[in-house]
Every structure is written in C-alpha cells, then in structure tokens.
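Take a look at the structure below.
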Amino acid sequence: MRCYEFSNAISLKSLRLVERPDPTPGRKDIVVHMRAAAFNYRDIAMLRGNYHIDVRPPLVPLSDGAGEVTRVGEAVTRFRVGDLVCPNYLPDWHFGSIRADLVRRRLGGPTDGVLAEFMCLPEDEAVRAPSHLNATEAACLPVAAATAYRVLFRAGSLRPGETLLVQGAGAISTTALQLAKVSGARCICVLRGDQWVGALKELGAEVVLTNGGSPDWPEEVRKATAGRGADVALNVAGGKTLTPTVAATKLSGVVHLIGFVADAAAELNLFEAIRHGTTFITATAGSREDLEAFVRVAELHKLRPAIAKAFSIRDLAHAIEHLERGGHFGKTVLNLDF
C-alpha cells in the first residue's frame, strides 16, 4: 500500500510517498480503505517544531480521516464490509474520564496517522460515520467533533437559553456553533474581519462581531447579552486573546482552553479572572464515546461540517500552503485518490 511518511525528520522536505506492506487483519481488526483526510492546526505546529508532544520519524501524519471497511477479522462485531468509518484520534480512550495511559497514542503523532491508502486497526478504535455524510465530510469529524461535544456537554454543561462565545470560523468553532444551535443555546462569534459573517449566520450564529482585533469587542459581547456576558466561551487562539475572552464572559462563567493558533502561551490578567470568578477547563480532544454521541446528534439534525477547501492528495503541498495561511471557514481536506 502507499502512504506518506516523514522519513528522516518532521518537516515538509522529509515528507515522502512510500510503499508499505498491505495490512492483514487479526481476529478483532478491520482494514479501512482511507478515502479522505483532514488537517488540524496540530499538523502545522509539528511542522514548525512547536508541538507539546515529542514526535519522531518515521511517522505517517494527520489525525483526521475516513474510509470504507474492506476486510474484517473473524471476531469483528461492530462493523461490516462497506461501512464508512473514522479512526478515533485517541485510539485508547473509549469512554469515561481522561487518564494518562489513554492519551499516549495519538494518530498523526506520536502514532502513525491516516495519510495512508489502508489502515488496519482494532474494531474498538473506530467510529461509524454519520449516515448522511460522504468520506470527505466524515474526515472532518474525529478531532473537532469529539472535542466540541466533550467541552460543551461533558466537561461543561451548555444549557438551552445560554450564550456560547466562539472565536473565528475554524473547525471546532463552527462545530460548537452547530451544536449550540441544535441544543437551544445562542451563539456569538468573534472575527477579525467580515469575510465569514454570512456563512456563520447561515450556520446558526445569532451575533457575529467583526472587531476581534480591537480592545472593545468584550464590551460588544456584553451589549449583545444585556450586560451579562457569555455563559460559556471557547478560546481556540491563546496568546493575548485569553484576557479579553474572560472579560466577555459572565460572573462565574466558563472558559474552555482549546487551541493555540495565536500562541502556545496565553496572557491572563489575574485581576480580570478573579473579578469574574472564571472557571477554566482545558480540552484534550475527546473519547470514542464523545464522537459516537456527536454522530447521533449529527444524524438527528443532519449536521454537516464546514469545509474550506478539498484538495487531491496529489496537491498535498498546495493544501499545506493553504492551511498555513489561516483564517479559513472550517476544514482543509485531502481526498486520498492515490
């Protein structure tokens, strides 16, 4: 089978198309013909040498993907040949609370990822994709969908009538927006510009602020919430955006720390946090159970992920360039037409 791997170093120059042996399933294994893969910001962070986990070559990159089951072991019960499935980003975390031993393996680093023609994995490390999605759409789900569902409804508790604040128009923000909408909550989005205002409102945002680069946007959030502030906020950027995020939340509000698009370090004015009595919750993706719960919600409400652009695998370098420019609406996807 063909796959891409970082052969000598975690760098774009070392990323090569190579041949590996075709996989053979064990008794409880499935073989998946991978049809699509999607990027996360962690993939760019690894290329830049700015990721919090040590990753070493040889390594097959990318964490998000979807494909069709082509072979099953004799004891497999969860899937059949022809099923569209997504390998779970954290293969060992099936349900319950997070533990250190459940998050050591992460697809796309330090464990081989999804940028391969075929994957062989135990049946309990995959999730059936929503029945109304194709492979390109389903590939967007494993990290963003599991993370968004977990932070809103397991680690946190967003309730009908409450207000969710999200940053930007990336995959986690747009997925959380959709989940807030169908759960009866309202959503306020903060952008640095007006490019995605219409798209976010069509997705369900009640208010879209375009002054995210100015110091007065937290006041605009308060105005939009009758002076109260958002009940729950997702901070996907880090850096200098954390203190304004706190300022935009209500007293005893919750801020979920999810990403580091702006900076891996975050500046926090402790006085602001103390005045608000803010609860901070740090996200570490989600379990198989979280992704399965999202699949049920997605099927019920016919949710579809936002896709910025889909590339052929032959345009891999252009896809990475596109991703590095940032500011996209949703996911950058690769169709694995090897």
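The values are calculated or read from the model by the stated rules, or taken from the named source; none is laboratory data. All values derive from a computational prediction rather than experimental measurement. All Cβ positions, even for glycine, are placed from backbone atoms using ideal geometry, and neighbour counts span all protein chains on display.
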**Q.** residue 264 being in contact with a strand residue (DSSP E or B) (Cβ under 7 Å, 6 or more places away or on another chain), on the phi < 0 side of the Ramachandran plot, among the small types (Gly, Ala, Ser) and at pLDDT below 95
**A.** yes
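Return yes or no: is residue 155 among the aliphatic types (A, V, I, L, M), closer than 20 Å to residue 250 by Cβ and in contact with a Pro (Cβ under 7 Å, 6 or more places away or on another chain)? Write out each step before concluding.
Working: among the aliphatic types (A, V, I, L, M): yes; closer than 20 Å to residue 250 by Cβ: yes; in contact with a Pro (Cβ under 7 Å, 6 or more places away or on another chain): no.
It is false that residue 155 is among the aliphatic types (A, V, I, L, M), closer than 20 Å to residue 250 by Cβ and in contact with a Pro (Cβ under 7 Å, 6 or more places away or on another chain).
Restricting attention to region 293-329, which residues are within 30 Å of residue 153 (Cβ to Cβ), of a type outside the set (A, V, I, L, M) and surrounded by 18 or more Cβ atoms within 10 Å (Cβ to Cβ)?
Quick first cut of region 293-329, residues within 30 Å of residue 153 (Cβ to Cβ) only: 293-310, 323, 326-329.
Next, only the ones that are of a type outside the set (A, V, I, L, M) stay: 294, 296, 299, 301-302, 304-305, 309, 326-329.
Listed by number, the residues that qualify are 294, 305, 328, 329.
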Q: Please indicate, with yes or no, whether at least one residue in region 311-325 is of a type in the set (A, V, I, L, M), outside the structural domain of residue 44 (by TED's automatic domain parsing) and touching a strand residue (DSSP E or B) at 6+ places or on another chain (Cβ under 6 Å).
A: no
(Q) Quick check on my filter: what residues within region 236-256 are modelled with pLDDT of 95 or more, in a strand (DSSP E or B) and in contact with a strand residue (DSSP E or B) (Cβ under 9 Å, 6 or more places away or on another chain)? (A) 249, 250, 252, 253, 254, 255, 256
(Q) Every residue in region 267-300 that is touching a strand residue (DSSP E or B) at 6+ places or on another chain (Cβ under 7 Å), hydrophobic (A, V, I, L, M, F, W, C) and assigned to a helix (DSSP H, G or I), please. (A) 291, 295
(Q) Cβ-Cβ under 8 Å, sequence separation 6+ or interchain: first residue in region 249-263 and assigned by TED's automatic domain parsing to the domain that holds residue 229, partner acidic (Asp, Glu) and in a strand (DSSP E or B). Which pairs? (A) 249/231; 250/231; 253/231; 254/231
Q) So which of 226, 169, 233, 180 ends up being crowded, with 19+ Cβ neighbours inside 10 Å and either assigned to a loop (DSSP other than H, G, I, E, B) or at pLDDT below 95 (or both)? A) 169
Q | Filter result for the condition that a residue is among the charged types (D, E, K, R), under 26 Å from residue 23 (Cα atoms) and touching a residue at least 12 places away in the same chain (Cβ under 8 Å), over 206, 123 | A | 123
Q. So is residue 239 of a type outside the set (Val, Ile, Thr), out of contact with any helix residue (DSSP H, G or I) (no Cβ under 8 Å at 6 or more places or on another chain) and farther than 30 Å from residue 68 by Cα or not?
A. yes
